[in-house]
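Colleague: Take this structure, written in structure tokens, and hold onto it; I'll ask about it next.
Please treat every number below as a calculation from the coordinates, not as lab data. Source: prediction; values computed, not measured. A quick note on method: Cβ atoms are made from the backbone with ideal geometry, for glycine too, and the neighbour counts reach across all protein chains shown.
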Amino acid sequence: MNHDTLLQHDQTFFQALMDADTARLQELLAEDFVLVGVEDGAVADKAALLTLITSGDLRFPAIGSFPDEAIVRRVGDVGVVVGRTSMTFDNPDGTTFSAGSRYTHVFATDASGTWRLLSAQGTTIKP
């Protein structure tokens, strides 16, 4: 996987979140995927994220990313992207959260050699 491929995987993840495309997320995310939320640091696994998106309890109306600013690295079978987003999402309790964030996405190959998103963590950029 090269620089451009990692950035494309990043964009695919963001687009799947906005589209609520759980089939695409199922393919992209590793079975032991972990998400650390940008709003409160809450941890969600793959099943929890997919359930929230399938139910409509968690929606991502807008995610802007800045791939030209991303730092992309590959070490063996692991790829890391550190980037920036501006995002809005709707929480299960009906509240809406908008923020700029820095994120780290870790990709790794699975047993079949397919690249999967293993971990995603966001940190709010304070105004």
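Colleague: Points 7 angstrom from Cα along the Cβ direction at Q8 and A48: gap in nanometres?
Modeller: 3.2
Colleague: With charges only on Cβ, +1 for K and R and -1 for D and E, what is the dipole size of the chain about its Cα centre, in debye, rounded to 20? Walk me through the intermediate numbers first.
Modeller: Numbers: 9 positive and 17 negative charges, 69 e Å.
In total the dipole reaches around 340 debye.
Colleague: With label points built 7 Å along Cα→Cβ from the Cα atoms of D21 and D110, find their separation and express it in nm.
Modeller: Placing both labels 7 Å beyond Cα along the Cβ direction yields 1.7 nm.
Colleague: Shape verdict for the stretch 81-127, please, from the Cα gyration tensor: rounded (a/c under 1.5), prolate (a/b greater than b/c) or oblate.
Modeller: Values: a/c = 4.21, a/b = 1.86, b/c = 2.26.
In terms of gyration-tensor shape, oblate.
Colleague: Kirkwood hydrodynamic radius (Cα pairs, Å) of the chain?
Modeller: Values: mean 1/r = 0.0682 Å⁻¹.
Kirkwood radius, the chain: 14.7 Å.
Colleague: Would you work out which of A120, H105, V80 lies farthest towards the positive end of the dipole of the stretch 1-123? Charges go on Cβ: Lys and Arg +1, Asp and Glu -1.
Modeller: So the residue we want is V80.
Colleague: For helix 3-19, report the angle its Cα long axis makes with the longest principal axis of the Cα atoms of the chain; keep it between 0 and 90° and round to the nearest 10°.
Modeller: The angle comes out at about 30 degrees.
Colleague: What order do you get for 19-27, 116-124 when each peptide is scored by the mean count of other beta carbon atoms within 10 Å, highest first?
Modeller: Values: 19-27: 14.1, 116-124: 18.8.
Highest mean packing first, the order is 116-124, 19-27.
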